[in-house]
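Here the structure is laid out as structure tokens; the discussion comes afterwards.
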Amino acid sequence: MQRPRLLRRQWSLRLRRGLSGSACNIEHAVLTCDGFAPPANVSILLPQKTNRAIPLKLRLRQGTTAVSDANIPGGAAPVVDIAFTPGTGGTAVDVTDLLEPVGKSSDGNAFVYDPATGEWHLNLSTKPFTAAGTYVVTVTAGSSSYEVDPTCTAQFVRRGN
């Protein structure tokens, strides 16, 4: 399988105190996520005491080249971050550390590639997310060798009493 070509970007470093740094070349891949497959492609409403696993499935590409575990830049699978906004409103809080592995899913927040389907999978357990409010799940890069843009986002809403 062909390895995605890396994009060369110029980054200018500006240091504080009025000093300016020089530009440096960094090889950096930009991967595209076209959205989650059902059921995570729509907002999911969960009653207060319902716990389930939400299957997250996605495909990544760089241009027209599919990205698998064999050709992902940096060798690191994509991961999820989860932000929580209370039902009463307020600022979103990162709650990714609450994730638990479910069944044969990957440990923590990393996706696992399935060569049979060409998709990245993660079974997201909702058990640790008990507070009423909105949980936004965002796919991010598993290494600094790439970014996911546009990214995939999903949400589930935990109802209160």
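The values are calculated or read from the model by the stated rules, or taken from the named source; none is laboratory data. What you see is a predicted model, and the numbers here were worked out from it, not measured in a lab. Note that we place each Cβ from the backbone using ideal geometry, even for glycine, and neighbour counts take in every protein chain shown.
For this structure, a couple of remarks:
- Lone qualifier among 31, 58, 7 - being at pLDDT below 50, in contact with an Asp or Glu (Cβ under 9 Å, 6 or more places away or on another chain) and surrounded by 13 or more Cβ atoms within 10 Å (Cβ to Cβ): 7
- Any hit, segment 84-104, residues being surrounded by 13 or more Cβ atoms within 10 Å (Cβ to Cβ), modelled with pLDDT of 95 or more, part of a loop (DSSP other than H, G, I, E, B) and out of contact with any helix residue (DSSP H, G or I) (no Cβ under 8 Å at 6 or more places or on another chain): no
- Unique residue being free of Cβ contacts under 8 Å to residues at least 40 places away in the same chain and touching an Asp or Glu at 6+ places or on another chain (Cβ under 9 Å) when the list is 89, 75, 108: 108
- Residue 134, sole failed condition from (1) outside any strand (DSSP E or B); (2) among the polar types (S, T, N, Q); (3) under 25 Å from residue 52 (Cβ atoms): (1)
- Just one of the numbered conditions (1) touching a Cys at 6+ places or on another chain (Cβ under 9 Å); (2) in a strand (DSSP E or B) is not true of residue 150: (2).
- Residue that is surrounded by the fewest Cβ atoms within 10 Å (Cβ to Cβ), among those in segment 105-120 that are assigned to a strand (DSSP E or B) and at pLDDT 95 or above: 114
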